[in-house]
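Mind having a look at this structure? Questions to follow.
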Amino acid sequence: MKTLLCAFLILSSLLSPLVGSTAFADTSSTQVSVIATVCYIYSTPDFTSPIEDENGNQISLRHGDKLELIEENENDFYKVELNLTDQKIEGFVFKHYVTKNLNGQDVYPVFNGRVLFDNAVIYDVNKEETTFRANKNQEVFIHGGFNDKNEYTAIAIVLEDSSLFYGYMKTKDVNPYGVSAGLITSITIIAALVTIITSVVFIKKTKKKKAK
């Protein structure tokens, strides 16, 4: 059993570097700052209800704008309050477009992939083409999993103005940082070893029961 435990610990130590993580700011603040180039505010926690101004234009926020945080338990949206010169507007913003870090620095995720081609198109959260482009070997944060059979992959990428943009790219244009052949071989060997050890332990227990 000690050998089995040792093999499990070795396997865990090899797999742990493959798991990406996202850095989060202090949650004690009641304000959030926009880290996207453009961030829209909605009347409901989805993308179907953009709030418009008196002229019928969709209200948009820019990188660095501040909002009062009201609630943060609306799935992928935060309930916020926007303080304008002559009015206050309550609504919802996509939570990945804002940060609670108000010290002037954006909170970037741990990048786990790269762009494969120059001038690769970046799409918004509705999978509509934007004017933004990515260059070969530019790092991205792939979230929500990677499946090479899907047309689009959800990513986060840093734009030229240093803002963090969440959206999509064509799956053919991005590639996650892979596992080396040596590591794959090591994992396979360890997995086989665990199976053998488990089988031996089971056989020994079975023999002891029969002997009784």
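Values in this text are rule-based calculations from the coordinates and carry no lab data. Here the structure is a predicted model, which is why all the values come from computation and not from measurement.
For a quick check: with amide H placed at 1.01 Å from N, whose amide H comes under 5 Å from Y168's, ignoring anything fewer than 5 positions away on the same chain?
Hits under the 5 Å cutoff: Y123, D124, I155.
Report ³J(HN,Hα) in whole Hz for each residue of the range 145-150, in order, from the Karplus equation J = 6.51 cos²θ - 1.76 cosθ + 1.60 where θ = phi - 60°; Gly and Pro get x.
x, 10, 9, 5, 8, 7
Pop out the ³J(HN,Hα) list for the range 116-129 in order, Karplus 6.51 cos²θ - 1.76 cosθ + 1.60 with θ = phi - 60°, rounded to Hz; leave Gly and Pro as x.
Here the 3J(HN,Hα) series is 8, 9, 6, 6, 6, 6, 10, 10, 7, 5, 9, 6, 9, 5 Hz.
Given H placed 1.01 Å from N in the peptide plane, which residues other than close sequence neighbours of L116 have an amide H under 5 Å from its amide H?
Sorted by chain and number, the residues that satisfy this are N137, V174, N175.
Kindly write out, for the range 92-97 in residue order, the coupling ³J(HN,Hα) from the Karplus curve 6.51 cos²θ - 1.76 cosθ + 1.60 (θ = phi - 60°), rounded to whole Hz, with x marking Gly and Pro.
10, 10, 5, 5, 7, 9
Right, another one. List the residues whose amide H sits under 5 Å from the amide H of S49, counting only those 5 or more places along or on another chain, with H placed 1.01 Å from N in the peptide plane.
Long-range HN contacts for S49: S43, T44.
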